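What follows is a structure written as structure tokens; I'll ask about it next.
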């Protein structure tokens, strides 16, 4: 058989195999996830503009020099972002977009396949993990406030969700994961039908 014709015949088969091949294992192993002290962090729904929309903020208390935030009890609990009133360098960390946080499930780093969005729905404020690629996975409720106002609200993680730190080659990085050990079952993945995001994360 002519070698050029043989190659041409194999190209469609190679393309089909590429479609079903799993992602390279190296992509999963590039970063590690390490434990953090959950009590040093708050997950916050931060208002945008008039407060009708919101975005995800994560605040970390790194030093005891002065408080980075205050939480006022209630349902929903309100967060006072004290770090916005002083130079918090070395005292607090603030993660406000996809450069500072991303989604991870087990060994799967999902920053390129999911976005974290705050959604206001049915009197509640939810942190949703929303897929950005076909077949990336289900929509998932990550945290909720238990109510809705136009201020800064505390988002309480759903069972199984927590924060972890990204690590590379044993070096801790300034990036946090919104993390779960495994995918939630279908019944607890999402609480409502196709909620419209209030803002992208």
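The values are calculated or read from the model by the stated rules, or taken from the named source; none is laboratory data. Just so it is clear, the model here is predicted, and its values are computed rather than measured. Positions of Cβ are backbone-derived with ideal geometry, glycine not excepted, and every protein chain shown enters the neighbour counts.
Let me confirm something: among 111, 106, 137, which residue is without any contact (Cβ under 8 Å) to a residue 24 or more places away in the chain and closer than 21 Å to residue 185 by Cα?
That would be 111, the only listed residue that is without any contact (Cβ under 8 Å) to a residue 24 or more places away in the chain and closer than 21 Å to residue 185 by Cα.
In the range 98-160, which strands (runs of 3 or more DSSP E) lie fully inside it and hold 3 or more residues that are on the phi > 0 side of the Ramachandran plot, more than 15 Å from the chain's Cα centre (by Cα) and surrounded by 21 or more Cβ atoms within 10 Å (Cβ to Cβ)?
none
Separate question: What are the pairs, 6+ residues apart or on separate chains, where a residue within the range 43-55 that is part of a loop (DSSP other than H, G, I, E, B) has its Cβ under 9 Å from a residue that is at pLDDT below 95?
Final answer for the pair search is 50/150; 51/149; 51/150; 51/151; 52/120; 52/150; 52/198.
Go through the range 39-89 and report how many residues are closer than 26 Å to residue 181 by Cα and over 15 Å from the mean Cα position of the chain (by Cα).
Adding up the residues that qualify gives 5.
Continuing with the same structure: Given the criterion loosely packed, with under 12 Cβ neighbours inside 10 Å and at pLDDT 95 or above, identify the matching residue among 90, 73.
After applying the criteria, what remains is 90.
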